[in-house]
Each structure stands twice: as structure tokens, then as C-alpha cells.
Amino acid sequence: MYGSSQDICEAAIGALQDRGISVVARSRWFRTAPVPVSDQPWFVNGVIAVATGLRPADLLSILHEVEAEFGRTRNIRNEARILDLDLVAYDDLVTDGATPPALPHPRMHERAFVLLPLSDIAPDWKHPSTGISLPDLIAALPADQRAEPDA
């Protein structure tokens, strides 16, 4: 319906912009192995930075609306999906997730598919909870975390 995985990601960015969310930076697209390791095909991942007056919970709600618009259902954790949009950080806000969303995303620091694209747009970023730099987070990734720029 939308073409390639990259086409779907591009269309999702457009859907966010159609809802008044301004994209201020975007990474390259990366081909990434599934996490956890499975027989699913590799994914296309990227990171965007946005400008919005929305509260984090409202922004997350819009991300979920866009996913649903593209046919995403949420039945089983880590199931195959056409689109997965996450709110990984919101400025330097740190929340415990008692009222979603948890910020920063509780597993972002363990994911090459987040950290490598993030390094394209915010190479000096530091994890707001730990203060660990992005290069140090990338260096600590597990060996099974595979990601490469999509040519």
C-alpha cells in the first residue's frame, strides 16, 4: 500500500507534519536487525527531532494514531509490525512512567536502532538520567545490535 519500509517511514513523517508537528532535524535511514534477535526481516529506522507545544502524553497519543493509520495493531510485544513510532526523549525531561510515557524511553540506551540515528542529529546528546554521552552509550551496545546506514 505504501511501498518500501523507507516509503512507509517517510509517509509517517508526513502524517506527523500534517498534524502540525514540525520536524526540525532528521537522521539518515538505517537498516537494523530485529531486537530481540528473531526471524523477522531487518527494519528501517531513523530518528527525528520535532518542535511541538504538545505535552509528552499528547505527542505519544499522536504517534499511536499515526501507527494505527498505517495499520499497526498492538497485540503481542515485539510482534511484526508495519510501523513503530516511539517517543524516546523529550528535551531533558525524566519521568518514571507512572503516568505514561516513561522518559527517556527505558530501553533507548540499549538500542543501536535508536542511538546510531540519534548520533546523526544530536552527536553531543547525553542521557538525561545517567549523564552518559551518546558515544559512550554506542560503545556499550551489545554485539548482537546490528545497524548500518541504508544506501
When only residues in the stretch 65-77 that are among the aliphatic types (A, V, I, L, M) and part of a helix (DSSP H, G or I) count, which is modelled with the highest pLDDT? VAL66
List the strands (runs of 3 or more DSSP E) inside the stretch 11-64, counting only whole elements, that have at least 1 residues being at negative phi and among the small types (Gly, Ala, Ser). 22-26, 48-51
Verdict on LEU54 being open to solvent by 40 Å² or more (accessible area, probe 1.4 Å) and in contact with a helix residue (DSSP H, G or I) (Cβ under 9 Å, 6 or more places away or on another chain): yes
Given the condition modelled with pLDDT of 85 or more, open to solvent by 40 Å² or more (accessible area, probe 1.4 Å) and out of contact with any helix residue (DSSP H, G or I) (no Cβ under 8 Å at 6 or more places or on another chain), answer yes or no: does some residue in the stretch 28-47 qualify? yes
Which count do you get for residues in the stretch 103-128 that are assigned to a loop (DSSP other than H, G, I, E, B) and either surrounded by 14 or more Cβ atoms within 10 Å (Cβ to Cβ) or hydrophobic (A, V, I, L, M, F, W, C) (or both)? 7
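The values are calculated or read from the model by the stated rules, or taken from the named source; none is laboratory data. A quick note: this is a predicted structure, and the numbers were derived from the prediction, not measured. For neighbour counting, all protein chains shown are included, and Cβ atoms are generated from backbone atoms with ideal geometry for every residue, glycine included. Areas reflect the complete protein model, heavy atoms only, side chains present, ligands, DNA and RNA absent. Shrake-Rupley method; radii C 1.70, N 1.55, O 1.52, S 1.80 Å.
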